[in-house]
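Encoded as structure tokens, the structure appears first; notes follow it.
The values are calculated or read from the model by the stated rules, or taken from the named source; none is laboratory data. None of these values were measured; they are calculated from a predicted model. Cβ placement follows ideal geometry from the backbone for every residue including glycine, while neighbour counts extend to all protein chains displayed. Ligands, DNA and RNA are excluded from the accessible area calculation, which covers all protein heavy atoms including side chains. Shrake-Rupley method; radii C 1.70, N 1.55, O 1.52, S 1.80 Å.
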Amino acid sequence: MVQLVPPTIPDFGEILAQEIYKDIPKAFKAWPTTKLSTQASSESIRPGDTATLEVSISKQYASWVHGHLMTFAQITLYSASGEVLMKEKIHVNSLYVQGSKKVDEIAQKGNSVLMSEYQLASSEIVRKLAEQLTLLGFR
């Protein structure tokens with residue numbers, strides 16, 4: 001009897017959270033001390049003494065039409081009082097990301113290529129987030 005084991009799929013949300021946690025504070029000198037929470041937040045529960053950056057992966061799929069990974073994220077920045085300071089929907093089509101591989105290559109080569117694609121998509125989201133924060137006047 002042959003038993004197939006599905007491949008382990010990396011946690012894209014964790015990859016993105018780690019990259020935001022590492023790169024955004026370096027890009028903005030005035031960025032406050034940041035804690036990384038792995039718990040999902042809710043609209044009714046917000047810390048009262050700190051701002052909150054909430055990142056939601058709304059969709060991620062492999063587009064067979066374009067042959068690349070498609071990622072959709074929503075990023076919301078709340079003030080300490082819970083006021084929405086920024087709400088951005090960021091879309092990444094890895095077709096337009098330097099170094100990205102086609103879906104069929106990912107399927108053939110497995111998790112190492114998938115992990116690389118996740119890291120490229122994550123870096124692109126962080127780049128777009130940094131651009132938006134700069135436009136809003138963060139320094």
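Given the structure, is Leu95 open to solvent by 30 Å² or more (accessible area, probe 1.4 Å) and touching a residue at least 24 places away in the same chain (Cβ under 8 Å)?
So Leu95 passes the test.
In the set Arg127, Arg139, only one residue is surrounded by 13 or more Cβ atoms within 10 Å (Cβ to Cβ), at negative phi and not hydrophobic (A, V, I, L, M, F, W, C); that residue is Arg127.
Against the test of being among the polar types (S, T, N, Q), part of a helix (DSSP H, G or I) and buried (at least 17 other Cβ atoms within 10 Å of the Cβ), the options Ser122, Ser116 yield a single qualifying residue, Ser122. For region 1-38, the candidate set comprises residues that are in a loop (DSSP other than H, G, I, E, B) and small (Gly, Ala, Ser); within that set, the residue that is modelled with the lowest pLDDT is Ser37.
Ser41 versus (1) at pLDDT below 80; (2) polar (S, T, N, Q); (3) within 19 Å of Pro10 (Cβ to Cβ): which is the lone unmet condition? Unmet for Ser41, out of (1) at pLDDT below 80; (2) polar (S, T, N, Q); (3) within 19 Å of Pro10 (Cβ to Cβ): (3).
Take the conditions on the phi > 0 side of the Ramachandran plot and either modelled with pLDDT of 85 or more or part of a loop (DSSP other than H, G, I, E, B) (or both) and apply them to Gly48. Does it pass? The answer is no for Gly48. Restricting to region 17-35, and then to whatever is over 16 Å from the mean Cα position of the chain (by Cα) and within 15 Å of Arg127 (Cβ to Cβ), can you tell me which residue is least open to solvent (accessible area, probe 1.4 Å)? The selected residue is Phe28.
Across region 87-114, what is the number of residues that are modelled with pLDDT under 85 and either of a type outside the set (D, E, K, R) or touching a Cys at 6+ places or on another chain (Cβ under 9 Å) (or both)?
9
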